[in-house]
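The values are calculated or read from the model by the stated rules, or taken from the named source; none is laboratory data. Only a predicted model underlies this, so the values are computations on that prediction, with no experimental measurement involved. Positions of Cβ are generated from backbone atoms using ideal geometry, with glycine treated the same way; all protein chains shown enter the neighbour counts.
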Amino acid sequence: MASGTELKNLSDKRRVTAKNLIDAEDWEMAVYMMAMSLELALKATSCYALKLEAYPETNDPNDKYFKSHNFDRLLRVSGLTDIFSVRNPMINQDAFYNWGIFTKAFLFPDKDYVEMRYDPRMLASFNKDRACELYKALYEDKNSILKTMTRYTRW
Amino acid sequence: MVIPENYKKVLKHFVEKNSNQEVALFAILKMDELVDKWSIILSVNWIDSNNQREIFTSIINTLQEDLSPEELNEIARIAFYNPDDNLVKLFFEKFEEGQYIKEDAKVNGNIVHEGYIISLNKGAIANQASLGL
């Protein structure tokens, strides 16, 4: 499996792909790439937090944290719960705001985001406004999820 | 562990801070069976892109004033929904104010593992319609 650095590079690439897809007005696939970028970012951060040479590649059916697409589970192993939380005092309120904006989009659909490619109903829920709002929360805002992770040198 | 009375206090103070404007939905939901974190669902008809950040700060400040550090640690996110959102309509169909969701409940196909419907106020939407909003 990939190292933390490799996962970070992949996350960056998928984020750029998402921006290219926004520019091409392919809103649904842009959102899919953004979600993939966040998943890779959280996995990269886990490698740094846990000092792992590579992200664990496991066939253990009981492993529901490392082998997951669920943002809340990945957040837990990434060591980022101090930043993306309501702890008092908060480390960065704007970053937690952006975390809520982004992850809310994947809170209620009945499938992991990875299956949205085959689900027209789920894809249709992402229009221009939502795609741009999610991209801002993920990267464009100065306190976006990814920029905050960089500022606090978590990956 | 969620203590609903504490969230009722949060709602009361949040409403007071925001000129007693109505809240359509205020719920605390556990969306993942493994992660003991709760999503706060908030729907008000007086939110828009211009004041959403301000309202977020208002609810954060209220949570920090009324909840313990342990309770704050359990919050996964704050999610805003427009009262017109289908999800909010589903809540009105399926649940009642004060309801404790103790067994897995399907909402929009996804499972809510546990939850507290602190406030569910259909009047907030009716008032919005009567104002032509």
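The selection criterion, being under 15 Å from the mean Cα position of the chain (by Cα), within 11 Å of chain B (Cβ to nearest Cβ), closer than 24 Å to A:E140 by Cβ and not in a loop (DSSP other than H, G, I, E, B), holds for A:F102.
Within the bounds of the stretch B:119-130, is there any residue that is modelled with pLDDT of 95 or more and over 30 Å from A:D63 (Cβ atoms)? Looking through the stretch B:119-130, at least one residue is modelled with pLDDT of 95 or more and over 30 Å from A:D63 (Cβ atoms). Going residue by residue through the stretch B:61-82, is there one that turns out to be of a type outside the set (F, W, Y), more than 13 Å from every other protein chain (Cβ to nearest Cβ) and either within 22 Å of A:A137 (Cα to Cα) or in contact (Cβ under 8 Å) with a residue 24 or more places away in the chain (or both)? Taking every residue of the stretch B:61-82 in turn, none turns out to be of a type outside the set (F, W, Y), more than 13 Å from every other protein chain (Cβ to nearest Cβ) and either within 22 Å of A:A137 (Cα to Cα) or in contact (Cβ under 8 Å) with a residue 24 or more places away in the chain (or both).
May I ask you to verify whether B:Y116 is at pLDDT 95 or above, in contact with a strand residue (DSSP E or B) (Cβ under 6 Å, 6 or more places away or on another chain), among the hydroxyl-bearing types (S, T, Y) and at negative phi? Here the answer is yes, as B:Y116 does meet what is asked. For the stretch A:4-33, filtering for residues that are β-branched (V, I, T) and farther than 27 Å from A:S78 by Cα leaves 1.
For the stretch B:62-82, filtered to residues that are under 15 Å from B:P4 (Cα atoms) and of a type in the set (D, E), the residue that is surrounded by the fewest Cβ atoms within 10 Å (Cβ to Cβ) is B:E70. State whether the residues of the stretch A:118-129 include one that is part of a helix (DSSP H, G or I), touching a residue at least 12 places away in the same chain (Cβ under 8 Å), surrounded by 14 or more Cβ atoms within 10 Å (Cβ to Cβ) and within 12 Å of the chain's Cα centre (by Cα). No.
For the condition closer than 20 Å to B:R77 by Cβ, aliphatic (A, V, I, L, M) and under 16 Å from the mean Cα position of the chain (by Cα), A:M34 qualifies.
Here is a yes/no grid of residues against (1) assigned to a helix (DSSP H, G or I); (2) of a type in the set (G, A, S); (3) free of Cβ contacts under 8 Å to residues at least 24 places away in the same chain; (4) in contact with a strand residue (DSSP E or B) (Cβ under 9 Å, 6 or more places away or on another chain):
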position: A:M1; (1), (2), (3), (4): no, no, no, no
position: A:L10; (1), (2), (3), (4): yes, no, no, no
position: A:T17; (1), (2), (3), (4): yes, no, yes, no
position: A:M34; (1), (2), (3), (4): yes, no, no, no
position: A:L38; (1), (2), (3), (4): yes, no, no, no
position: A:N62; (1), (2), (3), (4): no, no, yes, no
position: A:S68; (1), (2), (3), (4): no, yes, yes, no
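Please go through the stretch B:15-46 and give me each residue that is basic (K, R) and away from chain A (no Cβ under 13 Å), ordered by number. Listed by number, the list holds a single entry, B:K17. Restricting the stretch B:2-16 to residues that are β-branched (V, I, T) and within 17 Å of B:I55 (Cα to Cα), the residue that is surrounded by the fewest Cβ atoms within 10 Å (Cβ to Cβ) is B:V15.
Quick one: which of A:S144, A:S37, A:S78, A:S85 is crowded, with 20+ Cβ neighbours inside 10 Å, under 21 Å from B:N50 (Cα atoms) and not hydrophobic (A, V, I, L, M, F, W, C)? Matching residue, one of A:S144, A:S37, A:S78, A:S85: A:S144. For the stretch B:15-28, does any single residue satisfy the condition of being of a type in the set (S, T, Y) and in contact with a strand residue (DSSP E or B) (Cβ under 6 Å, 6 or more places away or on another chain)? So far as the stretch B:15-28 goes, no, none of its residues is of a type in the set (S, T, Y) and in contact with a strand residue (DSSP E or B) (Cβ under 6 Å, 6 or more places away or on another chain).
For A:A54, the criteria (1) within 11 Å of chain B (Cβ to nearest Cβ); (2) at pLDDT 90 or above; (3) more than 23 Å from A:Y135 (Cβ to Cβ) hold in every case but one, which is (1).
Considering the conditions (1) farther than 22 Å from A:R87 by Cβ; (2) more than 11 Å from every other protein chain (Cβ to nearest Cβ); (3) of a type in the set (S, T, Y); (4) touching a helix residue (DSSP H, G or I) at 6+ places or on another chain (Cβ under 9 Å), B:S49 is excluded by exactly one of them, (2). Within the stretch B:83-113, the set of residues being assigned to a strand (DSSP E or B) and either in contact with a Lys or Arg (Cβ under 8 Å, 6 or more places away or on another chain) or more than 11 Å from chain A (Cβ to nearest Cβ) (or both) comprises B:Y100, B:I101, B:A105, B:V107, B:V112.
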